[in-house]
Structure formats: C-alpha cells, structure tokens
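Written below as structure tokens is the structure these notes are about.
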Amino acid sequence: MECLLDWNIDGKVSTLTVDNCSTNDLMIQLLLEKLSSNLLSGGDIFHMRCCAHILALIVKKGLEGIKGAIELIRNSVAYWKATPKRVEKFEEAARQLNISSINKLVLDCETRWNSTYLMLNTAIKYQNVFARLKQRETQYDCLPDDEDWLLAKEMCDKLKIFYTFTENFYGVKYPTTNLFFPNFCDIRLSLNEWNKSKVGVIKEMAYEMIEKFEMYWFVINGGQAFSKIEIDRVRDLCVDLATEYELKVKFAETSVSQNDLSFTSEMHGFNDDVDPLEKFDMFVSNTAPTSTVKSELTNYLEEDLLPRIVPEVDL
C-alpha cells in the first residue's frame with residue numbers, strides 16, 4: 001500500500017493477480033479496505049488468482065488418483081539413479097533390449113507436478129528395462145505392475161496439454177487473454193472428454209479436476225465462456241464496466257467545466273458579453289443520457305466476426 005501511495009497509483013489500480021493462498025487472501029482484504037472507494041465494481045473484480053497456479057492445483061488433484069502408481073515409479077527411478085554403478089547397469093539393460101537411453105531417468109520434485117510429468121514420460125519408455133532388471137536385482141522391490149504403467153501412460157497423455165500450456169505461459173512469459181484463453185478452453189473441453197473415459201480411475205480423476213476447475217475459475221475469476229450463460233455474464237460485466245468508466249469520465253469533465261466556469265465568472269463579473277444561458281447549456285450537457293459508451297460497446301459486439309487468419313490478396 002505504501003508503494004501504491006508513493007507512486008500515486010492507488011486510484012488507478014483495477015486488479016491484482018496473486019497466487020492462490022490464504023496469506024494472499026488476507027492481504028487482499030486489507031487492501032480492499034483501503035482501496036475499495038477507487039476500485040471498479042466496488043472491488044468485486046480486484047482479486048485475480050494466478051492462472052498457472054490454478055492449473056497446478058487442478059493437475060495435483062488429478063494426480064492424487066494414481067498416487068500409488070506414481071510412488072512406485074518414483075521409487076524405481078530413485079533406486080536406479082542412486083549410484084553410478086546402478087546407472088551403468090540400467091543403461092546396459094537398455095542396450096540389451098535395443099532401447100535408446102538418450103533420455104536419462106528424471107527424478108521429480110513432488111511439489112512440482114510438471115516435473116512429475118517429465119519423470120513419468122521418461123520412465124514409460126523404459127518399462128521393459130525395469131522389468132528385466134527385476135529379474136537380476138533382488139534388492140529392487142518396487143517394480144510397477146502392468147496396470148500401474150497403463151495408468152501412467154494414460155496420465156501422461158492427459159497431462160501433455162497442461163504441460164504444453166505451462167511451458168508456453170509460465171514464469172517469464174505473461175500472455176494477454178487472447179493468447180491463453182483458447183488453450184484454457186481446450187483444457188476445459190478435454191476434461192469433459194476425459195470424464196467420459198471407460199477407465200474408472202481416469203473418469204474419477206476428470207470429475208475431480210472439473211470440480212477444482214469450476215471452483216477456482218468459474219466462482220473466483222468470474223467464469224469463462226463455456227456456455228451461453230457464461231457468455232451473457234461476460235457481456236453484462238463488459239457493459240457494467242463501460243458504463244462505470246463513462247460515469248467517471250463524465251464526473252471528471254463536469255468538475256473541470258465547473259472550475260473553468262467559476263474562474264470565468266470571477267474574471268468577467270457582470271460583463272454584458274457573458275452569455276446568461278451558459279450555465280443552462282452546461283446543465284443540459286451534464287444531464288444528457290449516459291448511454292454513449294454502452295451503445296458503442298453494443299454495436300461493437302453485434303458486428304460480424306472477422307476471420308482470425310486473413311487470406312493473402314494478390315495485388
């Protein structure tokens with residue numbers, strides 16, 4: 001808050017994007033108490049949760065469904081990466097099975113789902129190597145069974161869209177809505193498809209991920225345009241914001257005009273050259289219907305859509 005005041009932008013802030021955690025929730029409430037009078041929509045749209053963080057929470061919820069299989073694969077990778085001698089033995093078994101060992105085993109960080117994805121995606125390639133080494137290494141007692149590998153493959157196929165999204169938009173790259181929104185829609189539609197899966201674990205996983213998605217995106221971030229109801233909500237929000245902007249502009253113009261008029265009256269006094277109906281003209285202009293911006297917005301939304309990719313014209 002001190003920074004906002006120092007930079008004189010406390011009256012210009014619209015939203016604040018932060019990770020989703022209880023500490024930030026409390027911080028937002030404290031800021032709202034100080035900024036609410038200057039915020040759009042009374043501060044209803046001030047708190048924005050980080051999109052990438054929301055996705056991470058959704059994926060983690062999905063991974064809980066196969067945590068048993070993940071744990072076995074994690075332990076297997078950790079076992080064969082533990083010493084240089086075991087790494088050599090693993091690579092030798094891969095050569096015997098004519099499996100390229102260009103991709104090294106990767107041990108994940110349990111708190112980072114994308115590293116878990118990379119671990120699974122690499123380990124899957126060596127499924128037969130793990131099985132062969134089980135026959136030669138009596139101390140290796142955490143071999144995943146066929147069902148575990150099947151679930152891991154299914155999960156990797158499903159998580160690829162999340163991983164690609166995160167790689168493109170996480171960290172130093174902060175895209176505008178027109179770039180990330182189509183990908184977010186793809187994720188939501190994919191969850192709908194996974195919810196129809198014949199594999200019980202995948203179907204249950206999809207259901208829980210959809211629940212998480214709706215909880216954080218629909219309720220907190222105002223909803224996405226996945227249905228007619230959603231589109232209407234977004235449209236109404238745009239109209240409300242446009243109207244609010246117009247009222248603020250009108251108020252600012254009125255204040256400036258009144259100050260100018262006051263100054264002019266003081267300068268002119270009872271000068272006969274001053275138009276006696278000047279104040280009436282100002283009154284009419286300030287009480288005119290405030291529907292200009294809304295009308296422009298409505299006209300814009302009703303215009304025909306343009307193709308995203310315009311065909312080249314032979315000049």
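Across 118, 247, 151, the residue with the most accessible area heads the list, and the full order at a 1.4 Å probe is 247, 118, 151. Annotation: lysines with alpha-carbon distance below 29 angstrom to residue 248 (same-chain offsets under eight excluded): 12, 34, 279, 294.
Remark: the residue 30-residue 163 segment gains 44.4 nm on full extension, using 0.36 nm per residue and subtracting the alpha carbon distance.
Counting only aspartates and glutamates at least 8 places from residue 212 when in the same chain, those with an alpha carbon closer than 15 Å to its own are 64, 204. The candidates 198, 153, 160, arranged from most to least accessible area with a 1.4 Å probe in the full protein assembly, appear as 198, 160, 153.
The listed residues 108, 186, 146 rank as 146, 186, 108 when sorted by accessible area, largest first, using a 1.4 Å probe.
Working note: Debye formula, equal point scatterers on the alpha-carbon atoms of region 1-141, no solvent; log10 I(q)/I(0) at q = 0.09, 0.12, 0.13, 0.18 Å⁻¹ is -0.50, -0.64, -0.68, -0.99.
Annotation: extensible slack from residue 89 through residue 17 equals 21.1 nm (criterion: 0.36 nm per residue apart, minus Cα-Cα distance).
What fraction, in whole percent, of alpha-carbon pairs in region 22-101 exceed 15 Å separation? In whole percent, the long-distance tail amounts to 75.
Amide H contacts under 5 Å for residue 50: 18, 19, 20, restricted to partners 5 or more places along the chain or on a different chain, H placed in the peptide plane at 1.01 Å from N.
Looking at region 46-123, the trypsin sites (Lys or Arg not before Pro) that sit in a DSSP loop and have at most 12 other Cβ atoms within 10 Å of their own Cβ are 104, 112. With the whole protein complex present, residue 185 retains an accessible surface near 20 Å², based on a 1.4 Å probe. Spin-label model, residue 244 to residue 190: label points 7 Å out along the Cα-to-beta-carbon direction sit 3.4 nm apart. Across region 235-241, coupling constants 3J(HN,Hα) worked out from phi with the 6.51/-1.76/1.60 Karplus curve, θ = phi - 60°, read 4, 4, 5, 4, 5, 4, 5 Hz, and Gly and Pro carry x. Counting only heavy atoms of the protein chains and using a 1.4 Å probe, residue 233 has close to 100 Å² of accessible surface. A P(r) calculated from all alpha carbon pairs of region 68-173, with 10 Å bins opening at zero, reads 14, 47, 29, 9, 1 percent.
Our coupling estimate for region 94-109, obtained by passing each phi through the Karplus curve with A = 6.51, B = -1.76, C = 1.60 and θ = phi - 60°, is 5, 5, 4, 9, 6, 10, 5, 10, 4, 7, 6, 4, 10, 8, 7, 9 Hz, Gly and Pro reported as x.
The values are calculated or read from the model by the stated rules, or taken from the named source; none is laboratory data. If you're wondering where the values come from, they're calculated on a predicted model, not measured in any experiment. Please note: Cβ atoms are built from the backbone with ideal geometry, for glycine as well, and neighbour counts cover all protein chains shown. For accessibility, only protein heavy atoms count, side chains too; no ligands or nucleic acids. Shrake-Rupley method; radii C 1.70, N 1.55, O 1.52, S 1.80 Å.
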